[in-house]
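The values are calculated or read from the model by the stated rules, or taken from the named source; none is laboratory data. Just so it is clear, the structure is predicted and the values come from calculations on it, not from any experiment. With ideal geometry, Cβ positions are generated from the backbone for all residues, glycine too; neighbour counts draw on all protein chains shown. Accessible surface is based on the protein model in full, side chains and every heavy atom, while ligands, DNA and RNA are left aside. Shrake-Rupley method; radii C 1.70, N 1.55, O 1.52, S 1.80 Å.
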Amino acid sequence: PVVNIGDVLDFTATINPIPDDETPEDNVYELHQTVVGSYDPNDISVAEGEQILLADADKYLHYVIRFQNTGTAHAVKVRVHNILDDKLDWTTLQLESSSHDNTVEIKNGSEIDFIFNAIYLPDSTTDEPNSHGYIAYKIKPKDNVSVGDVFINNAAIYFDYNLAINTNTVTTEIVNALSLNDNRLLNFTVFPIPTSDVLKINTKSQISKIEIYNKLGQLVLEENNKNDMNISNLNQGIYFIKITDINNNSNTKKIVKK
């Protein structure tokens with residue numbers, strides 16, 4: 001519940017092997033999701049992030065294109081126009097899921113149209129929860145890609161006969177070794193929990209900042225260059241403490257004020 005712009009959320013999904021599993025090497029998947037600070041309902045993202053290893057260049061890239069009708073009336077038709085990078089192999093494209101029924105048209109081996117006819121997508125003012133839609137697909141790079149190649153992807157979204165709404169642009173580069181995230185997790189313990197007054201922090205690193213956030217993600221207390229924090233003025237309840245050291249490594253844990 002407490003994140004900052006640029007933080008990377010690391011997820012790992014594991015499927016335990018079962019007898020006669022032909023490809024046990026694909027039973028673990030990692031997703032490294034970078035936190036952004038603004039919300040655009042019409043956007044594109046790539047699950048693999050900004051870098052992949054050359055050894056993984058024969059695997060799928062997973063893209064999600066989201067759209068939302070923020071107009072004042074329902075959209076009868078939505079068309080999502082996506083031009084593939086010339087280093088992606090269009091013959092490997094697979095539509096994994098979508099919010100609504102659609103047809104897919106591919107032209108010239110690179111121009112893709114996802115067409116939602118008679119979608120009648122509500123506008124966000126009238127029906128916000130149902131004003132959203134998305135497309136999720138996967139595609140492989142071509143066989144001849146090499147280190148330094150960058151895959152660029154974006155999309156243009158057309159609501160009825162309006163001008164295109166252009167998404168952000170995502171890039172994925174092939175590298176020999178993945179770069180480390182600057183915001184590495186900091187190991188620390190905090191005690192006593194629960195407490196009514198002073199929290200003490202124990203860590204091997206030198207602390208530069210202590211931040212306390214409420215459940216809404218609002219910063220309520222902050223201290224610099226200390227190993228404790230007085231929370232006696234806070235109301236009872238659950239909070240989150242974020243510790244950052246002098247090397248900009250950080251971590252966040254839940255605390256309870258009694």
Tally time: how many residues in segment 33-62 are closer than 23 Å to residue 146 by Cβ and assigned to a strand (DSSP E or B)? 6
Which condition does residue 72 not pass, out of (1) in a strand (DSSP E or B); (2) β-branched (Val, Ile, Thr); (3) farther than 21 Å from residue 168 by Cβ, if it passes all the others? (1)
In the list 112, 106, which residue meets the criterion of being buried (at least 16 other Cβ atoms within 10 Å of the Cβ), of a type in the set (A, V, I, L, M, F, W, C) and touching a strand residue (DSSP E or B) at 6+ places or on another chain (Cβ under 6 Å)? 112
Matching residues in segment 212-243 - criterion: being of a type outside the set (A, V, I, L, M, F, W, C), modelled with pLDDT under 90 and assigned to a strand (DSSP E or B): 213, 237, 239, 242
Which one of these is loosely packed, with under 14 Cβ neighbours inside 10 Å, acidic (Asp, Glu), within 17 Å of residue 137 (Cα to Cα) and in contact (Cβ under 8 Å) with a residue 60 or more places away in the chain: 101, 85, 58, 43? 58
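Rundown of residues vs (1) on the phi < 0 side of the Ramachandran plot; (2) touching a Leu at 6+ places or on another chain (Cβ under 8 Å); (3) modelled with pLDDT under 95, yes/no style:
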residue	(1), (2), (3)
38	yes, no, yes
47	yes, yes, yes
57	yes, no, yes
64	yes, no, yes
73	yes, no, yes
85	yes, no, yes
96	yes, no, yes
104	yes, yes, no
112	yes, yes, no
All but one of (1) part of a loop (DSSP other than H, G, I, E, B); (2) surrounded by 13 or more Cβ atoms within 10 Å (Cβ to Cβ) hold for residue 133, so report the exception by its number. (1)
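Consider residue 9 carefully, then state whether it is outside any loop (DSSP other than H, G, I, E, B), surrounded by fewer than 17 Cβ atoms within 10 Å (Cβ to Cβ) and out of contact with any Asp or Glu (no Cβ under 8 Å at 6 or more places or on another chain). Outline the logic, then answer.
Values: outside any loop (DSSP other than H, G, I, E, B): yes; surrounded by fewer than 17 Cβ atoms within 10 Å (Cβ to Cβ): yes; out of contact with any Asp or Glu (no Cβ under 8 Å at 6 or more places or on another chain): yes.
Yes; evaluated as a whole, the condition is true for this residue.
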Quick check on segment 61-78: of everything there that is more than 20 Å from the chain's Cα centre (by Cα) and within 30 Å of residue 92 (Cβ to Cβ), which residue is most open to solvent (accessible area, probe 1.4 Å)? 77
